[in-house]
Each structure stands twice: as structure tokens, then as C-alpha cells.
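First the structure, in the form of C-alpha cells, and then the observations on it.
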Amino acid sequence: IRDVVRNALACRHPLSLLTLAGMAINAAKPESRLSLNSDRYDPSRLDRVLTGLIGIRNRETTALLAVVAELLVDDPAPRLRCRQEVAERGERLPRWISALPQADVYRAVRITEVFGDVDEIVIGVRLDGGHELTVDVLIDHLKWSSIADAAALPEPIDECLARAVE
């Protein structure tokens, strides 16, 4: 895990580390993201994942824990646990991590397929340090308006939309 996170930290763009943190959360909480049945969520699974990460004491895992803490907006206890562990370690981390709560969603575009069967929502986000990313979500209205696909790209929304027009 150390090498994977180290490579993500070495990237110029935060998206790699954000993706790893999202994958860790999804591994710990798959049912809460994939099912309407919230009774299937097992909080001890997230606790075990966090315990494993906390047990690895290096800068890379500290950075991953810091990002996980900022993404766990709906889980105050695990979020606090991650933040306390990160604070105790005193590692110097990229500034954009602590500034994640101030991410600026500055533009959203809805592209509707001609028959209205599919909508594509494209969202532009600015992070601290001038980093931009674009989130693209495809909603299939023929399948109960469910998310059919989603992606995040490490570039500004205007570039993504210009490429789509081409």
C-alpha cells in the first residue's frame, strides 16, 4: 500500500490520492453505496479498515487517512478517529488535503440525450492550490434513473466539455 500511496502523492494532481481514499471507503462501506437497504451496512467493517490503516505508521498512510477523514462526511466518529490519528502523527501533508472542505464546485452542466433517456451531469471543482477536476456522471432514466457510469478527470470542466464537443 505504501508504494501505491507514494505514487499517488508524487502525482501533480490530487485526483490519484482522492481515488485511493474513495476506494478504501468503498471497500469498507460497499452496501451503503450500492444498496437501498441500509440495514446491511456493517460499521465494524469501516472500523477494521481504519484500524489497519492506523497500524501502518508512515507519511503515505497518514496522507491517506487525512483524505479519508475529509471524505467521511456522513460518519462523524470514524472521521474524528482519522483526524485525531493524523494530528498525533504530526506529518507535513499537502495543503490541499486539509482544504478539501473548501472545495469549490463552480460549474455544473446537464447534457440530455435527444430522447431524454440519459442525462450526463458534468461538474467542475477547484481544490486548494489551483487544482481542478471534473466529475462526469451518466444517469440512465430507463433503469430507474440510476447512475450508469461515473468518472473523475484531472482537468478543468471547460477542457472536458470542449473535447466532448469535438
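The values are calculated or read from the model by the stated rules, or taken from the named source; none is laboratory data. Just so we're clear, the structure is a prediction, and the values are computed from it rather than from any experiment. Side chains included, ligands, DNA and RNA excluded: accessible areas come from the protein's heavy atoms. Shrake-Rupley method; radii C 1.70, N 1.55, O 1.52, S 1.80 Å.
Restricting everything to alpha-carbon atoms, can you work out Rg to Rh for the chain with a Kirkwood hydrodynamic radius?
Radius of gyration over Kirkwood radius for the chain works out to 1.00.
List the relative contact order of the chain as a percent without decimals, with contacts defined as Cα pairs under 8 Å and 6+ residues apart.
Here the relative contact order equals 15 percent.
Could you order Glu85, Glu159, Glu113 by accessible surface area, starting with the largest, using a probe radius of 1.4 Å?
Glu159, Glu113, Glu85
Keeping all protein chains in place, calculate the accessible area per residue for the chain (probe 1.4 angstrom), answer in Å².
Solvent-accessible surface per residue comes out at 61 Å².
Roughly how much of Asp149 is accessible, in Å² to the nearest 10, using a 1.4 Å probe?
For Asp149, solvent-accessible area is about 90 Å².
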